[in-house]
Amino acid sequence: MINVSEYNFEKFSDPEYGNLIALEAQKSFPFGIKRVYYIYDVPDGVRRGFHSHKELHQMLICVSGSVKILTKTPDEELVTELSSPNKGLYIGPMIWREMYDFSPGAVLLVIASEHYTVSDYIRDYDEYLKLAENYFEKQSD
């Protein structure tokens with residue numbers, strides 16, 4: 001799917017000391033970092049997201065537990081389960097996303113290319129479809 005891809009981060013393991021994963025800006029993923037946040041203690045059955053971004057790039061990593069991520073364009077739909085701290089899901093501009101099936105104790109880390117900006121969000125799905133069809137049409141030219 002365009003603007004969506006899975007990443008596997010290198011894990012350093014030592015039986016005596018445990019595991020370590022290092023994430024480095026512009027080396028571990030394809031954008032600079034301006035914002036980092038995490039989602040946790042999501043009640044059972046709750047779905048989050050229900051939006052797209054006009055310009056924002058994000059990397060989602062479930063550092064504990066598991067979560068499913070639904071990503072959509074006007075023409076495609078993909079469900080990715082994040083259940084390992086060395087696996088990330090890159091989501092670029094104009095991708096509708098929903099997060100659900102958070103396991104107990106799940107912590108979803110989100111690394112973003114920009115600071116929080118309300119005007120970058122598209123929260124109405126019908127509006128998203130109109131904007132996304134135009135966006136992806138231009139991408140294919």
### Task
At a Cα cut-off below 18 Å, give the lysines reachable from residue 130, other chains included and same-chain residues fewer than 8 away excluded.
54, 72, 138
### Message
Tell me the mean residue ellipticity at 222 nm calculated for the chain from its helices only (DSSP H runs of n ≥ 4, each -39500 (n - 2.57), averaged over every residue, nearest 500).
### Response
-4000 deg cm²/dmol
## Note on the structure
Mean 1/r over distinct Cα pairs of the chain, inverted to a Kirkwood Rh in Å, yields 15.8
#### Entry: Neighbour-limited loop hits for GluC sites (Glu not before Pro), the stretch 58-141 (at most 12 other Cβ within 10 Å; DSSP other than H, G, I, E, B)
76
#### Entry: GNM top mover of 83, 119, 28 - the chain, alpha-carbon springs below 10 Å
119
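In whole percent, and with a 1.4 Å probe on the protein chains, what portion of the accessible area of the stretch 12-122 is carbon and sulfur? Walk me through the numbers before you get to the answer.
Values: 2890 of 5860 Å².
Solvent-exposed carbon and sulfur of the stretch 12-122 make up 49 percent of the total.
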### Task
Taking a cut-off of 22 Å between Cα atoms, list the lysines near residue 27, but don't count ones fewer than 8 places away on the same chain.
11, 87
#### Entry: Choice from 39, 95, 111 with maximal GNM fluctuation in the chain (Cα, 10 Å cutoff)
39
### Query
When Lys and Arg each count +1 and Asp and Glu each count -1, what net charge do the other residues less than 11 Å away from residue 42, Cβ to Cβ, add up to?
-1
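The values are calculated or read from the model by the stated rules, or taken from the named source; none is laboratory data. As the structure is a prediction and not an experimental result, all values here were calculated from the model. When we count neighbours, we look across all protein chains shown, and the Cβ atoms used for this are built from the backbone with ideal geometry, even at glycine. Note: areas computed on protein heavy atoms with side chains; ligands, DNA, RNA excluded. Shrake-Rupley method; radii C 1.70, N 1.55, O 1.52, S 1.80 Å.
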